[in-house]
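Single-structure report; data block below.
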Amino acid sequence: MTTVVEFVLALDPQPWRAVGFYVDANDTMQLGGIRLRFIGADEGAGISSWVLCDAPDSSTMLVDGLRTAHGEPPDSARSNVQPNSVTGIDHVVVYTPDLERTCDAIAAATGAPLKRIREVGQLRQGFHRLGELIVEVVNFPGVPVEHATFWGLALNVRDIDALFATHGEDVLTTPKDAVQPGRRIASFRDAASLGLPVAVMTTGAR
C-alpha cells in the first residue's frame, strides 16, 4: 500500500513554532506517520512536494503536476502529540482544473482508487486514501490553476477549545461544526503566517 511519508514545505518554520508545533533543529516535524520538512521560504511557498513510500512505480516524479519523490517508511510509527495537542494530518487538499484527470493520475501513481466524488453546487471533490492520509482533490471554477497543485492541510487535534483559548480569535477562527458529523473545525488565520491554509479538526470517523 502506498503511503505518504513526507511533505516538503517551502516555508519558514518559525511561525509554526510560535503556535505550538515542535520543529526540531533540522527543521523537521513529525505528525503521526508523516514528516513535514521545512526548506525555507526563499525556495518558494507552500507545499513543494510529497514523498511516497511503496508506490507502484518509483520512477514517477510528477503526478499531474504534483512534484513527487520516493522514500522509505519511518524507522517506527510515530504518535507523539505536538505541544498544541495536534496528533497528525487528517487530509491534504489538492486543487485541480480537471478532477477526473488528477484523480486518475493519483490512482495510477499510488494504486489508491478514487473512493467517491462529492458535488456541492460548482464545487467538486474527489477522495483517495493513502494509509492514514486522505487526499482531497478539489475542482472549483473560482480557483484557476493550470495543473494539480497542493493547497493546504487539515490536522487532527485533541483539544480544539484549548488551542483556541491559547491563541485567540486573532490567530484561529472560532471552532464550528465540520462537514463530517460529530467533528469540529477551525482554521489558522493569515495573522499566524503559516504560509499555507491550515485547519485543525477534532478526531472522529472518516
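Derivation of every value follows stated rules applied to the coordinates shown; laboratory data play no part. In this text the structure is predicted, and so the values were computed from the model without any measurement. Every residue, glycine as well, gets a Cβ built from its backbone with ideal geometry; the counts of neighbours run over all protein chains shown.
Brief remarks follow.
- Cα-based Kirkwood hydrodynamic radius, segment 98-139, one decimal, Å: 10.3
- Segment 3-202: radius of gyration and largest Cα-Cα distance (Dmax), Å: 16.3, 46
- Result for the chain in a Gaussian network model with C-alpha springs under 10 Å: among Gly88, Gly121, Gly40, the largest mean-square fluctuation is at Gly121.
- Karplus 3J(HN,Hα) series, Hz, for segment 157-167 with 6.51 cos²θ - 1.76 cosθ + 1.60 (x for Gly, Pro): 9, 6, 10, 5, 6, 5, 5, 5, 5, 6, 9
- Fluctuation leader among Gln180, Gln82, Gln125 - the chain, Gaussian network, Cα springs under 10 angstrom: Gln180
- Residues whose placed amide H lies under 5 Å from that of Asn156, excluding near-sequence neighbours: Thr87, Gly88, Ile89, Asp90, Met201
- Couplings 3J(HN,Hα) of segment 49-57, computed from phi: 6, 10, 10, 9, 10, 6, 6, x, 9 Hz, in residue order, whole Hz [Karplus 6.51 cos²θ - 1.76 cosθ + 1.60, θ = phi - 60°; x for Gly and Pro].
- Where only DSSP H runs of four or more residues are counted, the chain gives -3500 deg cm²/dmol as its mean residue ellipticity at 222 nm, each run worth -39500 (n - 2.57).
- Rounded to the nearest whole Hz, the Karplus-based 3J(HN,Hα) values (6.51 cos²θ - 1.76 cosθ + 1.60, θ = phi - 60°) of segment 175-188 follow the sequence x, 9, 5, 8, 4, 6, x, x, 10, 10, 9, 8, 10, 6, with x at glycine and proline.
- Quarter the surface of the alpha carbon convex hull of segment 131-201 and you get the mean projected area, 6.1 square nanometres.
- Relative contact order %, the chain, counting alpha carbon pairs below 8 Å whose residues are six or more apart: 21
- Remark: spin-label model distance Glu100-Arg67 equals 3.1 nm, labels positioned 7 Å along the Cα→Cβ axis.
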